[in-house]
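The structure under discussion appears below in the form of structure tokens.
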């Protein structure tokens, strides 16, 4: 148990379970299944974008992708427009969404590397260009997804929401990439010391490029799944995931200074954030109070997770 408590990500799950239990007790256990399924469903979107953000943040201080919301919007809009509610074009739409993510990742890193713009400024600047492109392409219309994708996104398998299953499969792939693959070790090495990693033979620029492409691609996939789940692509559908993608990473135990990341914590952070909002809504808290209490709870979890074990 002592070894488990030393894991930085365990506190996010402890906090999530505490909030879940409080909500269940308040409702007398009547909403157990509903709250659990809702938490898995809506946390799944935060998990997908959080995984990409996790890799970027692990690269070291200053690395963060602020173009995630705009990427989600553009990918969802163009993909659904490509499919035109036609089931036979689903594969083409998915490929288009992934291609958009790859292109955005390349542009983001080009701004960072070639123009020597800090990542925060580079991705923020590109987000305006991406969002403007989405607005021009969308023209204010809500584009509908194919019926098959909608049924899949809102459906469940063995009582588990399909979007949660998708997020779990992606998480397993990212865990293997992080813990078992050379790429994950290279990302961690760059985050710990970029110059030492370069001297050790790590292809720093190539690894950073792949990381930003990975982040944008996951954001594009999340945008496509979210647009199918919500019944269409909207221009503001990714807005709430700007800070959420960062919060789930920090709450989950990934080092903000870089060099250390973990996949399980992303799930804990995502579940915690959703359950906090759900609990406060259950208690009938006002919007201002919900924001205040959410901030206080997040700070408390971060402090608990960042404590160093006694020698």
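Observations on the structure shown:
- Residue list for region 110-134, restricted to those being surrounded by 15 or more Cβ atoms within 10 Å (Cβ to Cβ) and not in a helix (DSSP H, G or I): 117
- The single condition from (1) in contact with a strand residue (DSSP E or B) (Cβ under 9 Å, 6 or more places away or on another chain); (2) touching a residue at least 12 places away in the same chain (Cβ under 8 Å) that residue 250 fails is (1).
- Condition check for residue 10: at pLDDT 95 or above, surrounded by 15 or more Cβ atoms within 10 Å (Cβ to Cβ) and closer than 26 Å to residue 242 by Cα: no
- Checking each residue in region 135-156 for being without any contact (Cβ under 8 Å) to a residue 24 or more places away in the chain and either closer than 19 Å to residue 94 by Cβ or assigned to a helix (DSSP H, G or I) (or both) picks out 136, 151, 155.
- Screening the candidates 77, 73, 85, 36 for the property of being in a helix (DSSP H, G or I) and either in contact with a strand residue (DSSP E or B) (Cβ under 6 Å, 6 or more places away or on another chain) or at positive phi (or both) yields one hit, 77.
- Selected residue (criterion: nearest to residue 185 (Cα to Cα)) from residues of region 238-262 that are surrounded by 24 or more Cβ atoms within 10 Å (Cβ to Cβ) and more than 10 Å from the chain's Cα centre (by Cα): 261
- Residue tally, condition farther than 30 Å from residue 208 by Cα and surrounded by 15 or more Cβ atoms within 10 Å (Cβ to Cβ), over region 157-170: 2
The values are calculated or read from the model by the stated rules, or taken from the named source; none is laboratory data. Because the structure is predicted, anything quoted here is derived from the model rather than measured. All Cβ positions, even for glycine, are placed from backbone atoms using ideal geometry, and neighbour counts span all protein chains on display.
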